[in-house]
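Note sheet for the following structure.
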Amino acid sequence: MRTLIPSSHTPATVTTTPTWRRRHFIHCAKRSDSFAIGSSSSDWQSSFAILSSKVNSQQQSESLIPAVNGYNNHDSNLNLVPFDNNSNNNNNKSIQSKTKPLSITDLSPAPMHGSNLRVAYQGVPGAYSEAAAGKAYPNCQAIPCDQFEVAFQAVELWIADRAVLPVENSLGGSIHRNYDLLLRHRLHIVGEVQFPVHHCLLALPGVRKEFLTRVISHPQGLAQCEHTLTELGLNVAREAVDDTAGAAEFIAANNVRDTAAIASARAAEIYGLEILEDGIQDDASNVTRFVMLAREPIIPRTDRPFKTSIVFAHEKGTCVLFKVLSAFAFRNISLTKIESRPNHNVPIRLVDEANVGTAKHFEYMFYIDFEASMAEARAQNALAEVQEFTSFLRVLGSYPMDMTSWSPSSSSSSTFSL
Ligand SMILES: O=C(O)C(=O)C[C@]1(C(=O)O)C=C[C@@H](O)C=C1
């Protein structure tokens with residue numbers, strides 16, 4: 001995939017990472033491999049150890065932090081103020097309320113607003129990921145990153161508070177890189193947003209469709225518009241770049257007149273491009289699902305629909321899959337997604353069979369999303385059973401499902417059918 005160098009909006013980049021941070025990152029990645037279910041006190045203690053070491057390294061390297069893309073991290077104000085959970089403090093009632101112990105309602109998940117929250121996303125302004133960050137955390141400060149990996153690191157290194165990353169699209173399928181990164185890093189899924197993706201064909205003002213020789217976009221953008229591009233009769237080469245808005249920026253910055261970008265209408269506005277075709281996704285109901293990641297998990301609840309994401313493996317390979325799935329089926333827990341990725345620790349397993357030869361089995365990590373909260377007994381029991389069948393199991397997060405009402409975006413092309 002080609003990497004375009006954006007001219008004006010330089011996203012956070014992995015190459016600016018100072019050595020101490022890279023060392024720290026490797027340390028965290030190793031820890032994540034050993035993290036399993038049943039968050040015990042030792043998990044919380046080790047989380048605390050990581051947190052403390054980060055604060056220390058951050059203090060040591062404070063001068064380095066503002067250098068990363070101009071995003072500083074000066075809000076780590078550790079001054080403690082007396083705890084007061086009631087602002088009305090001039091009568092006896094307030095004295096009583098001041099001593100009121102914490103109750104379960106005080107422990108509710110972080111609200112869905114994001115003022116002052118720094119949210120890392122992959123791409124440049126105008127990318128769908130930026131818009132998804134705005135849907136997840138309205139009024140947040142969105143921080144562009146040039147790679148998914150950088151968005152993970154930005155949260156781990158306290159440059160950002162959250163990352164919002166795409167994991168699957170209704171037409172293009174899974175964004176595999178992010179599944180692999182979820183496993184390599186130790187962040188927790190704390191929410192999801194489903195974002196309608198409405199693509200436009202963008203070019204410099206005055207450029208006509210007939211003169212185009214090339215269309216550039218994120219691989220997902222190209223995949224989601226493949227049939228419409230053919231229906232439009234465009235005789236163009238498709239070229240994959242890092243993000244949709246980055247494609248638009250590249251055309252504008254380099255005054256490229258034979259190339260169009262597949263990107264959002266907002267990207268057209270930001271980079272001064274014209275919309276040649278509006279709504280070129282192959283299906284009007286084109287939706288990308290994003291997950292929100294944080295350093296700490298949220299406390300799961302039962303008063304609204306929750307989803308839980310897990311990843312597991314077994315040294316005997318795929319034979320456990322049926323048993324794992326049955327643990328959910330017996331408890332009437334619906335699965336919303338199943339994905340398999342190569343097990344990078346043990347990519348292949350050799351099995352010698354007498355007189356027949358050697359069977360070479362590919363090894364997988366299985367990712368499952370299911371519709372239940374980890375606060376529910378049936379989910380806990382299902383995972384206890386899954387743990388018996390697997391050699392590795394990790395809960396990636398238990399988080400509120402995106403239940404926002406939604407209507408398909410309009411599409412200029414007829415809905416594509418097979
Ligand atoms: O390139 C962008 O604009 C992105 O936000 C990335 C991304 C993706 O990775 O799937 C997000 C939503 C769309 O599905 C197309 C691309």
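The values are calculated or read from the model by the stated rules, or taken from the named source; none is laboratory data. None of the values given here were measured: they were computed from a predicted structure. Positions of Cβ are generated from backbone atoms using ideal geometry, with glycine treated the same way; all protein chains shown enter the neighbour counts.
Here are some notes:
- Set 247, 268, 263, 240: member being in contact with a Ser or Thr (Cβ under 9 Å, 6 or more places away or on another chain) and over 19 Å from residue 167 (Cα atoms): 247
- Evaluated against (1) part of a strand (DSSP E or B); (2) within 15 Å of the ligand (Cβ to nearest atom); (3) surrounded by fewer than 24 Cβ atoms within 10 Å (Cβ to Cβ); (4) not aromatic (Phe, Trp, Tyr), residue 277 falls short on exactly one condition, (2).
- Residues (closer than 8 Å to residue 243 by Cβ and either more than 10 Å from the ligand (Cβ to nearest atom) or in contact with a helix residue (DSSP H, G or I) (Cβ under 8 Å, 6 or more places away or on another chain) (or both)) located in segment 122-139: 122, 123, 124, 127
- Every pair of residues 6+ apart whose Cβ atoms lie under 6 Å, when the first sits in segment 292-316 and is more than 28 Å from residue 156 (Cα to Cα) while the second is outside any loop (DSSP other than H, G, I, E, B) and not aromatic (Phe, Trp, Tyr): 304/400; 314/320
- Matching residues in segment 240-267 - criterion: being away from the ligand (no atom under 14 Å from the Cβ) and not in a helix (DSSP H, G or I): 255, 256, 257, 258, 259, 260
- Within segment 211-225, the set of residues being within 12 Å of the ligand (Cβ to nearest atom) and buried (at least 20 other Cβ atoms within 10 Å of the Cβ) comprises 216, 217, 218, 220, 221, 222, 224, 225.
- Restricting the first member to segment 352-368 and to residues that are closer than 15 Å to residue 339 by Cα, and the second to residues that are assigned to a strand (DSSP E or B) and of a type in the set (Phe, Trp, Tyr), the beta-carbon pairs closer than 9 Å and six or more apart or on different chains are 365/312; 365/392; 366/312; 367/312; 368/312.
- Looking across segment 299-339, the residues that are in a strand (DSSP E or B) and either farther than 22 Å from residue 185 by Cβ or modelled with pLDDT of 95 or more (or both) come down to 306, 307, 308, 309, 310, 311, 312, 335, 336, 337, 338, 339.
- Selection within segment 362-387 - surrounded by fewer than 14 Cβ atoms within 10 Å (Cβ to Cβ) and part of a strand (DSSP E or B): 362
- Residue 228 satisfies every condition listed in (1) β-branched (Val, Ile, Thr); (2) touching a residue at least 40 places away in the same chain (Cβ under 8 Å); (3) surrounded by fewer than 22 Cβ atoms within 10 Å (Cβ to Cβ); (4) not in a strand (DSSP E or B) except (3).
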